[in-house]
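Notes follow the structure.
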């Protein structure tokens, strides 16, 4: 073999190996898992992201699969334990919880005129037991069956925190599984009540409230009363413009480890904070406000500054 040909062959093999390694690195899979009711939005983000980044590989994993994950989705304020072991969180959107009931509930007629205040909602949905006080039998103002997820679920935690409680203080019956089952429970119970996120309460195609349920009347200001009668887009617009004390709004975010930073993670999260925000409304989620968006973008840049 001539030396010139040998070196040409060696160089070609080197280029091929380099290209193969680069391709493998670009295709490193990001695994995401966490709060299930956020999955429709995350699936949308992944689908749109891979359209413009065809080499990206991102998959959603079930929480019960036991697979190691790069990004954990959370939809309540994280505890110290959840951010232990050198972990950080980047917030990428928000969601709102609205109270619903069965369309046949007599409560709709009795509360339609004024709507329920924050104090009335608190008393209706929560029970604080004082073990040091004498037990009393106070007749409830409204006859109702409260349905909620188990205490550790993100929506239960966020709901309780918003009203100054812990999730164990939510009254009524616990529904296991996905938050979507709360709607099924309310449909089967004429006096059933529950809070749930907009993406589950509304048909994201028609933008209308799903059949068999009605929004619980709330004491709202004139400029936000359209929340009770409007479609999903009107509700999202009103909630992004105004703070409404009877409607909890909480952030969703991705928890990641600082010990194993990946450029693929940084690239995906940067896209979600910029281009990805335009898809939040389609799945019933709110965008971050401008200040939070700028803060999260800066935080992400600081954490991944050294990655190229």
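The values are calculated or read from the model by the stated rules, or taken from the named source; none is laboratory data. In this text the structure is predicted, and so the values were computed from the model without any measurement. In this analysis, Cβ positions are derived from the backbone assuming ideal geometry, glycine residues included, and neighbour counts consider all displayed protein chains.
Which of (1) in a helix (DSSP H, G or I); (2) modelled with pLDDT of 95 or more does residue 72 not meet, given it meets every other one?
(1)
What are the residues in the range 146-161 that are closer than 16 Å to residue 98 by Cα and in contact with a strand residue (DSSP E or B) (Cβ under 7 Å, 6 or more places away or on another chain), if any?
Keep residues of the range 146-161 that are closer than 16 Å to residue 98 by Cα, which gives 146-149, 154-161.
Within the range 146-161, 146, 147, 148, 149, 154, 155, 156, 158, 159, 160 qualify.
Condition test on residue 41, is it modelled with pLDDT of 95 or more and within 30 Å of residue 191 (Cβ to Cβ)?
Values: modelled with pLDDT of 95 or more: yes; within 30 Å of residue 191 (Cβ to Cβ): no.
No.
Examine the range 109-117 for a residue that is in a helix (DSSP H, G or I) and either surrounded by 15 or more Cβ atoms within 10 Å (Cβ to Cβ) or in contact with a helix residue (DSSP H, G or I) (Cβ under 8 Å, 6 or more places away or on another chain) (or both), and state whether such a residue exists.
Just the residues of the range 109-117 that are in a helix (DSSP H, G or I), to begin with: 109-111.
Add one more test, that the residue is either surrounded by 15 or more Cβ atoms within 10 Å (Cβ to Cβ) or in contact with a helix residue (DSSP H, G or I) (Cβ under 8 Å, 6 or more places away or on another chain) (or both), and what stays is 111.
Yes, the range 109-117 contains a residue that is in a helix (DSSP H, G or I) and either surrounded by 15 or more Cβ atoms within 10 Å (Cβ to Cβ) or in contact with a helix residue (DSSP H, G or I) (Cβ under 8 Å, 6 or more places away or on another chain) (or both).
Which fully enclosed strands (runs of 3 or more DSSP E) of the range 158-263 have 2 or more residues being modelled with pLDDT of 95 or more and within 30 Å of residue 58 (Cβ to Cβ)?
Working: elements: 173-175, 192-197, 213-215, 249-257.
Qualifying strands (runs of 3 or more DSSP E): 192-197, 249-257.
Would it be correct to say that residue 225 is surrounded by fewer than 17 Cβ atoms within 10 Å (Cβ to Cβ), within 19 Å of residue 281 (Cα to Cα) and without any contact (Cβ under 8 Å) to a residue 12 or more places away in the chain? Spell out how you get there, then give the answer.
Details: surrounded by fewer than 17 Cβ atoms within 10 Å (Cβ to Cβ): yes; within 19 Å of residue 281 (Cα to Cα): no; without any contact (Cβ under 8 Å) to a residue 12 or more places away in the chain: yes.
No; evaluated as a whole, the condition is false for this residue.
Let me confirm something: among 181, 195, 202, which residue is free of Cβ contacts under 8 Å to residues at least 12 places away in the same chain and in contact with a strand residue (DSSP E or B) (Cβ under 8 Å, 6 or more places away or on another chain)? Steps first, please.
Details: 195 fails: free of Cβ contacts under 8 Å to residues at least 12 places away in the same chain; 202 fails: free of Cβ contacts under 8 Å to residues at least 12 places away in the same chain.
None of the other options fit; the residue is 181.
Of everything in the range 205-222, what is touching a residue at least 40 places away in the same chain (Cβ under 8 Å) and surrounded by 15 or more Cβ atoms within 10 Å (Cβ to Cβ)? Give them in sequence order. Quick ask: steps written out before the conclusion?
Within the range 205-222, the subset touching a residue at least 40 places away in the same chain (Cβ under 8 Å) is 212-220.
The answer is 213, 214, 215, 216, 217, 218, 219, 220.
Might you let me know whether the range 80-92 holds any residue that is part of a strand (DSSP E or B), buried (at least 19 other Cβ atoms within 10 Å of the Cβ) and in contact with a helix residue (DSSP H, G or I) (Cβ under 8 Å, 6 or more places away or on another chain)?
Checked the range 80-92: at least one residue is part of a strand (DSSP E or B), buried (at least 19 other Cβ atoms within 10 Å of the Cβ) and in contact with a helix residue (DSSP H, G or I) (Cβ under 8 Å, 6 or more places away or on another chain).
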